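Below: the structure, in C-alpha cells.
We did not get these values from a lab; they are worked out from the coordinates using the rules stated. Please read all numbers here as calculations on a predicted model, not as lab measurements. Here the Cβ is made from the backbone with ideal geometry for all residues, glycine too, and neighbour counts use every protein chain on show.
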Amino acid sequence: MQDQLTLLVIGEGGREFAIAKKLKQSPHVATVYCAPGNIGMLTVGVTPVNIAEMDLNGLLQFAIEKHVDWTFVGPENVLCAGIVDKFQAAGQRIIGPTKRAAQLEGSKDYALQFMDRYHVPTAKHETFTSEEAAVAGLADFAYPVVVKENGLAGGKGVVIAPDYTSAVDTLHEMFAGPQTAVVLEECLTGPEYSLFCLVAGDQYRLLPMAQDHKRAYDGDKGPNTGGMGAYSPLPQLAAADRQRMVQEVVEPTIAGLVDGGYDYHGILYIGLMMTADGPKVIEYNVRLGDPETQVILPRLATDWAELLQAVVDDDLLPVIKERDQAVLGVVLAAKGYPAHPAYYPSLGKLPDQEGIAIDYANVTGRLDDLYGAGGRLAMVLAEAPSLQEAAQRVYDYLGRLNEPDCFYRHDIGQKAGVNFFF
C-alpha cells in the first residue's frame, strides 16, 4: 500500500469527524480533507473544505485539482444522489455504493422487496402510496404499529403508533409532507443492535458491533432522533446470537447483492432486532451510522486506511482485529432537538481532559468560542477497560460542563449493565 495518501471525506457531522480522524491516524495518510467538515476537525489535523456535501460538481472538481487518491462518502443523501456514479464516470476513485444500490436506504419499500426476494428475515410489512389506502391497511396490523416514511428522513421518519387514532394522525402528517409512499410494519420486540459490514463485491468483513440510543430522553422516552449515544462492545450479546445474525441475515444479504449485480463497494449497515423468533432486519443503511461510528472506529486494531484501500482496489480484505478497550459516547445536543433545536447556542470552549475525546458535529465559530449549528453538537467519548469505567469518565466530564442551552441522556450503556450510581 502506498504512503502519503491524500484523501477526501464527504460530510460534516460527528460521523465524518470520526472517519476522518481515524484515517488521519494511519501512517499511510498524509492529508485528509473533509467537505464541508466542521471547525472542530482542526483539533485532529483534518482540513475542512467549504464545499457543500450535495455540490457534486464542486466535490468532483476539488478531488481532481487536489489529486485526491480516493474519496469516502459519509452521508446517505449524497450516495442516493449518485455521487459514486459521477466520480467513477470521471475516473475518480471513491468508496460507497452506486445510486442503484443506495436505494436500499433511499427507499424502505425497495429494501423490503430486496429482503423478501433473498429471504432475509424482517417484519410483516406493506407499502401504501395513498393516505386512504394506508388507513384501510391498518386493519391488517396489530398495535402498536410501526409507521415509516418510505424515503430518506435523517433517521427520524419512524413512528411507533400505540393505537388507531395516533396511527391515522401519523399517516396524515406523513402524506401531507413530501413523502409519496409510507410503509406499515408489525412492531417487533427485543433488543436492537447495529451491525456494520465492510463490503467489496462478494467479500465482507464485520466491523465491531455497537448499540445506538435513538430516543431523545432517558429511559428510551421522547421522540426518535438521529442518535443520542452509543457504546461498543456488546457484552449482553451472546456469541450464538451473533452467529445467527451472520448466518441468517448477513450471508443472504451479501448473496443478494452479488446475485443482483450491485457490485457493492462500501459500508452496509444492518439494523437488527433479536426477537423470540431470531434476528430480524429493521432497516438497511448504505453507510456508517451516527453515532455508532464514533464508538466502533476507535475499537479497530486493523488500520482503517488499509481496510478502505483494499475496498477501493478490490483486493482481499484484511482480517479485522478489534481492540479490547470499551468505548462509550454521549451526544451533547441543543435543547429542543429534534423538533426545534435552540438557535446557535453558545458552547464556548469545551475543556480538554485526559481520557476524554470530543468528536465535533454541528458546530461553528472559533475553537475557543464555539456555537451550535444544528441539533447534535458534539459527542463526548471515553475508552477504558470496561464500559462501566468509560461511562464514569464521560458522565464525570459532562457533569462539570455548564451548557444551559444543551442536554444529554444520562443512561447510555444501561442495557449493557452499566451502573449509574457513581
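Relative to the Cα centre, the charge distribution of the chain, modelled as +1 at Lys and Arg Cβ and -1 at Asp and Glu Cβ, gives a dipole magnitude of about 620 debye.
In a simple Cβ point-charge model (Lys, Arg +1; Asp, Glu -1; nothing else charged), region 192-313 has a dipole of about 340 debye relative to its Cα centre.
Derived scalar couplings between HN and Hα for region 210-217 equal 9, 10, 9, 10, 7, 6, 5, 10 Hz in order, rounded to whole Hz, by the Karplus curve 6.51 cos²θ - 1.76 cosθ + 1.60 (θ = phi - 60°), x for Gly and Pro. If the elastic network links every pair of Cα atoms under 10 Å, which of Glu12, Glu192, Glu251 fluctuates the most in the Gaussian network model of the chain? The residue with the greatest mean-square fluctuation here is Glu251.
Charged side chains reduced to their Cβ positions (Lys and Arg at +1, Asp and Glu at -1) give region 13-83 a dipole of some 300 debye around its Cα centre. Between the residues Trp304, Ala134, Leu288, the greatest Cα displacement towards the positive end of the dipole of the chain, with unit charges on the Cβ of Lys, Arg, Asp and Glu, is found for Trp304. The GNM of the chain, with springs linking C-alpha atoms under 10 angstrom apart, assigns the highest mean-square fluctuation among Glu53, Glu65, Glu306 to Glu65. Ranking Gly58, Ser107, Ala200 by Cα position along the charge dipole of the chain, where only Lys, Arg, Asp and Glu carry charges on their C-beta atoms, puts Gly58 farthest toward the positive end.
Ranked for footprinting exposure by Cβ neighbours inside 10 Å, fewest first, Arg15, Arg366 give Arg366, Arg15.
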